[in-house]
Amino acid sequence: MLGWSWTSAAWAQTDEIEVYNAEIVETGRWNLTWHNNFTPSGRTQPEFPGGVVPDHALNGVPEWAYGVTDWFEAGAYVPLYTLTNSGELQFDGVKLRTLFVSPQAAQRSIFYGINFEYSYSRPGWESHRFGGEIRPILGTHWGRVDLIINPIVDTAYNGFGNLEFVPCERIAYNFSHRFTVALEHYADFGRFGNFAPPSEQAQTLFAVIDVGTAASGLELGVGHGFTAASDKTVLKLIWSHDFR
């Protein structure tokens, strides 16, 4: 499984920077994916009063997943955390997810799925306590090239008029089954029907390297933000391992 978790109409903090590729843990097996993201050059003001300041903050979360069937994976993010630029370690919340996919996505020329996410956030991480995500997944394996799109919709359960469009995409070249390079784009356009002006939208492009296999691997990425609503530089590290 390769997501980006957003928090408000303009980009606040995130615990997970990843594009889902519809691959899931084998049935009856556990997986741990540990996300860590550091912002060496970012915005110096919080997205809302009392929120986390992005600049020089480290955000992360261990993501636990279990393969229920060959088309269904259940997951939990516990605990979300931040090491602030002042050195304070804070607990940010928890998330649950249910992921439904086309079986054996890695072997299909066209693959698809949908992820539902449910979150509880503490003050300082998000401006609302409860939130959710609907993440459709659509992609193709075209020779050594992967093309994937996740047209994500975020909600704070505060009405259809406040649904937000936060898509992400990935194009990757697989040099082998153990080494891949990719470009990933993450955006936050704001609320449907009332998108934010271009300068207030979050637009970030990541250069990514994947080393290892789906069962045990490492992903490294460097991202650059192109608008005032984006952080200038973000680093991501994702470590993943299956357990029997």
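The values are calculated or read from the model by the stated rules, or taken from the named source; none is laboratory data. All of these numbers come straight from a predicted model, not from anything done at the bench. Every residue, glycine among them, receives a Cβ derived from its backbone with ideal geometry; neighbour counts consider all protein chains shown.
Looking only at residues in region 160-175 that are closer than 25 Å to Glu219 by Cα and of a type outside the set (A, V, I, L, M, F, W, C), the one that is surrounded by the fewest Cβ atoms within 10 Å (Cβ to Cβ) is Tyr173. If the condition is being surrounded by 15 or more Cβ atoms within 10 Å (Cβ to Cβ) and more than 13 Å from the chain's Cα centre (by Cα), then region 143-153 contributes Asp146, Ile148. Here Thr69 meets each of (1) surrounded by fewer than 16 Cβ atoms within 10 Å (Cβ to Cβ); (2) part of a strand (DSSP E or B) with one exception, condition (2).
Selection over region 106-134 of residues that are small (Gly, Ala, Ser), touching a His at 6+ places or on another chain (Cβ under 9 Å) and more than 22 Å from Asn59 (Cα to Cα) gives a count of 2. Flag: Thr39 matches the condition of being under 17 Å from Leu235 (Cβ atoms), modelled with pLDDT of 95 or more and assigned to a strand (DSSP E or B).
Would you confirm, using the coordinates I've provided, whether Val53 is crowded, with 16+ Cβ neighbours inside 10 Å and either hydroxyl-bearing (Ser, Thr, Tyr) or in a loop (DSSP other than H, G, I, E, B) (or both)?
Details: crowded, with 16+ Cβ neighbours inside 10 Å: yes; either hydroxyl-bearing (Ser, Thr, Tyr) or in a loop (DSSP other than H, G, I, E, B) (or both): yes.
When the stated conditions are applied, Val53 passes them.
Is there a residue in region 166-185 that is modelled with pLDDT of 95 or more, under 19 Å from Glu117 (Cα atoms), hydrophobic (A, V, I, L, M, F, W, C) and touching a Phe, Trp or Tyr at 6+ places or on another chain (Cβ under 8 Å)? Yes, because at least one residue in region 166-185 is modelled with pLDDT of 95 or more, under 19 Å from Glu117 (Cα atoms), hydrophobic (A, V, I, L, M, F, W, C) and touching a Phe, Trp or Tyr at 6+ places or on another chain (Cβ under 8 Å). Of all residues assigned to region 76-84, none qualifies as being on the phi > 0 side of the Ramachandran plot and not in a strand (DSSP E or B). In region 110-219, counting only strands (runs of 3 or more DSSP E) that sit wholly within it, the ones holding 2 or more residues that are within 24 Å of Asn31 (Cα to Cα) and not aliphatic (A, V, I, L, M) span 110-121, 130-142, 145-150, 168-176, 179-188, 202-212. Looking at Thr180, Thr140, Thr213, just one residue is over 15 Å from Val19 (Cα atoms) and either over 14 Å from the mean Cα position of the chain (by Cα) or among the polar types (S, T, N, Q) (or both), and that residue is Thr213.
Filtering region 1-36 to residues that are under 22 Å from Arg97 (Cβ atoms), of a type in the set (Gly, Ala, Ser) and either more than 16 Å from the chain's Cα centre (by Cα) or at pLDDT below 95 (or both) leaves Gly3, Ser5, Ser8, Ala12, Gly28. Looking at region 38-50, which of the residues that are crowded, with 16+ Cβ neighbours inside 10 Å and either touching a Leu at 6+ places or on another chain (Cβ under 7 Å) or acidic (Asp, Glu) (or both) is farthest from Ser240 (Cα to Cα)? Here the answer is Glu47.
Counting only residues that are modelled with pLDDT under 95 and not hydrophobic (A, V, I, L, M, F, W, C), region 202-215 holds 1 of them.
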